[in-house]
Amino acid sequence: MKMPHMLLLLGAALLWAGHARAGAVPDAKNAYEQGRQAAATNYKNAVAQCGSIAGNPHDLCVAEAKAAQVQAEEEARAAYENTLKAYTRARMRIAAANYDRDKTRCAGLTGNDKDVCMEQAKATRIAAEADAKADKKTIEARSEAREDKQKAAYHVALEKCDAFAGAAKDQCVAQAKAAYTAPR
């Protein structure tokens with residue numbers, strides 16, 4: 001797995017686990033807009049540098065610029081939305097952009113080399129999408145397991161409170177609620 005994808009996955013895992021919501025922070029929107037503008041500017045500059053090249057190398061240069069733009073925009077959007085769904089969607093769109101770039105690279109080849117290149121491009125896209133889906137399911141499963149454990153521990157604490165009566169029981173129940181139903 002490439003380093004940017006690992007960083008994206010790590011970021012998704014950490015942010016999902018923390019249940020933080022950056023969308024509510026005004027600075028997050030500014031960072032998102034700046035990220036989009038930087039991606040657009042970088043794309044325009046890269047395409048301008050491709051102008052002196054002709055044929056398939058030109059097409060490949062433009063496709064690489066487009067893939068870089070999509071990656072920057074999707075990472076900025078995922079960071080802004082800060083949800084597991086957004087991170088997964090970003091990884092899927094990045095995989096599609098990289099696939100388009102790889103198809104352009106393969107267009108410059110002929111015969112069996114082209115066929116092998118296309119199959120490799122498809123395999124790379126399928127692998128990236130499968131990893132994104134699997135990572136999403138893993139994070140969801142861990143979150144669900146954490147919630148189930150929390151709920152079970154809460155029920156144990158309530159059961160322990162049944163040994164008390166009156167104010168002591170009320171205090172025990174209040175402590176259990178505070179310990180196991182705190183905002184996550």
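The values are calculated or read from the model by the stated rules, or taken from the named source; none is laboratory data. Keep in mind it's a predicted model, so treat the numbers as computed, not measured. Ligands, DNA and RNA are excluded from the accessible area calculation, which covers all protein heavy atoms including side chains. Shrake-Rupley method; radii C 1.70, N 1.55, O 1.52, S 1.80 Å.
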Note, ³J(HN,Hα) from phi for region 104-111, Karplus 6.51, -1.76, 1.60, rounded to Hz, x at Gly and Pro:
5, 4, 5, 4, x, 9, 9, x
Using θ = phi - 60° and Karplus 6.51 cos²θ - 1.76 cosθ + 1.60, couplings along region 47-55 (whole Hz; Gly, Pro as x)
5, 4, 5, 6, x, 7, 9, 10, x
Give the ranking of TYR80, TYR87 by solvent-accessible surface, highest area first, calculated with a 1.4 Å probe.
TYR80, TYR87
If you take the alpha carbon radius of gyration of region 38-184 and divide it by 2.2 N^0.38 Å, what ratio comes out, to two decimals?
1.78
D (µm²/s, integer) via Stokes-Einstein for region 69-149, Kirkwood Rh across alpha-carbon pairs, 37 °C, 0.692 mPa s: value 232 µm²/s
Near LYS29, which aspartates and glutamates are there with a Cα under 17 Å away, not counting those fewer than 8 places off in the same chain?
GLU73, GLU74, GLU75, GLU81
Protein-only accessible surface order, largest first, of THR124, THR88 at 1.4 Å
THR124, THR88
Pairs to check: LYS136/LYS160; LYS122/LYS149; LYS44/LYS133; LYS85/LYS114; LYS85/LYS122. Give those whose C-alpha atoms are more than 29 Å from each other in this structure.
LYS136/LYS160; LYS122/LYS149; LYS44/LYS133; LYS85/LYS114
Skip the ligands, DNA and RNA, and give the accessible area per residue of region 72-143 with a 1.4 Å probe, whole Å².
53 Å²
